[in-house]
Structures are given as C-alpha cells and as structure tokens.
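Encoded as structure tokens, the structure appears first; notes follow it.
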Amino acid sequence: MTTETSGSGDVARSLELLWGTAEHPSRGPKPGLTLDRIVSTAIEIADAEGLAAVSMRRLSTELGTGTMSLYRYIPGKAELLDLMLDRVSDFGPWEPGPEKIGWRQGVEEIARGYLLLYRAHPWLLRVNQSRTVLGPSTVRAMETALTLLQDMRLSDPEMISVIITTHSFVMGIARIEAEAAEAVEATGQSVEEFWESQGPFLEQAMTSGAYPLTAGLSAEAFGPEFDHFEFGLETLLDGLEAR
C-alpha cells in the first residue's frame, strides 16, 4: 500500500532543484547546511524509520536548525520526496567494461540492481511513482538500462516493456520480503510461531479430503530454502529469449 506520491508538489520547482537551475540561498542559516545534506539526512531517516518519519520538523532537529530555515532550500516534503527518489534511483554503479555483455546478462544486472535498491531503501515500496519527476540520476538509470538491452533488437515500446516487466517482478519479490519483516516487527511473532498457531486447524482441513492438491504439497513447498527471486528471474530470461 502506497502512502506517498511522487510529483505531487511543485514539479517545476523540483526539476529546478534536481538539475541545479534553481537559485541557491546567498547565505545559509547554519554553516554546512546544504540541499545535498538535507536530502541525504532525509534518506537516512527513511532508511532507518520509514518514510512516515520524514518531516520538515524532524529534519530540522537532525540538522540542528530551525524548521523555517529549511524552506529557504526546499518548498516542502513533496518536493523533498522527488529529490530523495532521484538520489536513490540509480540501480547500481554499473560501468561498461572492455567487453560488451549480452542482453541476458543485462537484464540480470537490472534485476539484481533493483533488488539491492529495494532492500536498501524499503520505503520506496510505499511511494506511488507513476508520475516520476525525471532528475539526472533517474535519466542516467534509464540510459544505463537501455545500454544493457540495446542488442535485443526490439522496438522502443518493447524495450521499455522489458524494463517495466523486470522492475515489476523485482518489486513484487521485494514487497513480499519487506512485508514479511514488517509483520514480525508489528506482531512480535516469528514466522514459525505464526504458522504453528494455525497447525491444528490446517491439519484438520488437509485431512478432510477437500483439498487434495494442497494437502499433497511437499514440506519444502513453502520452505525458505527455495529462492523465488532466482527461479523467477531465470524464467523471465528464458521467456524473453523465446520471444
């Protein structure tokens, strides 16, 4: 469930700040206070405590300055979110090597980069990014993805669809991971304890004969040993290759 929406503030102002065309304060209210430091601190708070913990008041406390002083650098939280998203949007420090890699490895690079991104910044899963504000890091990430996929010989819409499909798959896996961790924290009950509490009811249902296929699943079917990300990624790659 999303709680914030990108591009919901003054988009023109966000773009000015992202691309460095905005006027900067002639002198800051506190030595060392910069837009870069404000955005970095906001990301640190979100990583540690979630996006809901990020507010202009909380930022001013962390930065040791007055809340109103922050408004000299950024209009508000909506525009701050746009800058935070762009800052973390690069899905990996990939640089072209001496040997060109194939598209299959390219899709792997993109998928693993997205997974690392969501694991490092799980608050991203709470943001509706259907209206992405295109800052330099976001555009650079797109350029990298297109570079990695250029030998697929697909049309432009198909190339974008490969990126969307890969991202959607990874986001689904990352959401499952994040929500599982959140459930443990919210309830204080481990995964094992949760399923053990349902044991007697499940046993009765499974021995009733009403659910033969479910009852016939092996003990490993839902075990943590199976890597759903790796299986899904390999299946995605095979499907793209067949296509």
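The values are calculated or read from the model by the stated rules, or taken from the named source; none is laboratory data. Since we're looking at a predicted model, the values are computed, not measured. Every residue, glycine among them, receives a Cβ derived from its backbone with ideal geometry; neighbour counts consider all protein chains shown. Side chains included, ligands, DNA and RNA excluded: accessible areas come from the protein's heavy atoms. Shrake-Rupley method; radii C 1.70, N 1.55, O 1.52, S 1.80 Å.
Were the residues from Val184 through Thr207 laid out at 0.36 nm apart, the gain over their Cα-Cα distance would be 5.4 nm. If only the Cβ of Lys and Arg carry +1 and only the Cβ of Asp and Glu carry -1, the dipole of the range 11-89 around its Cα centre is close to 340 debye. For the pair Arg175 and Thr41, the difference between a 0.36 nm per residue extended length and the Cα-Cα distance amounts to 45.8 nm. Could you run the Debye sum over the Cα atoms of the range 11-89, one equal point scatterer each and no solvent, and tell me log10 of I(q)/I(0) at q = 0.11, 0.13, 0.15 Å⁻¹, two decimals? Computed log10 I(q)/I(0) values: -0.25, -0.35, -0.47.
Under a 5 Å amide H cut-off, with hydrogens placed 1.01 Å from N, Thr5 pairs with Asn128 among residues at least 5 apart or on other chains.
When shorter helices are ignored and each DSSP H run of at least 4 residues is given -39500 (n - 2.57), the per-residue value for the chain at 222 nm works out to -19500 deg cm²/dmol. Projecting label points 7 angstrom from Cα along Cα→Cβ for Glu143 and Leu116 puts them 2.0 nm apart. As a size descriptor, the averaged projected area of the C-alpha convex hull of the chain was calculated at 18.1 nm². Computed with a 1.4 Å probe over protein heavy atoms only, the accessible surface of the range 103-242 comes to 64 Å² per residue.
For the pair Arg104 and Ser130 in one chain, pulling the backbone fully straight at 0.36 nm per residue adds 6.7 nm over the alpha carbon distance. Taking the 1.4 Å solvent-accessible surface of the chain as the whole, the part contributed by carbon and sulfur is 56%. Given +1 at the Cβ of Lys and Arg, -1 at the Cβ of Asp and Glu and no other charges, the dipole of the chain around its Cα centre is 1260 debye to the nearest 20.
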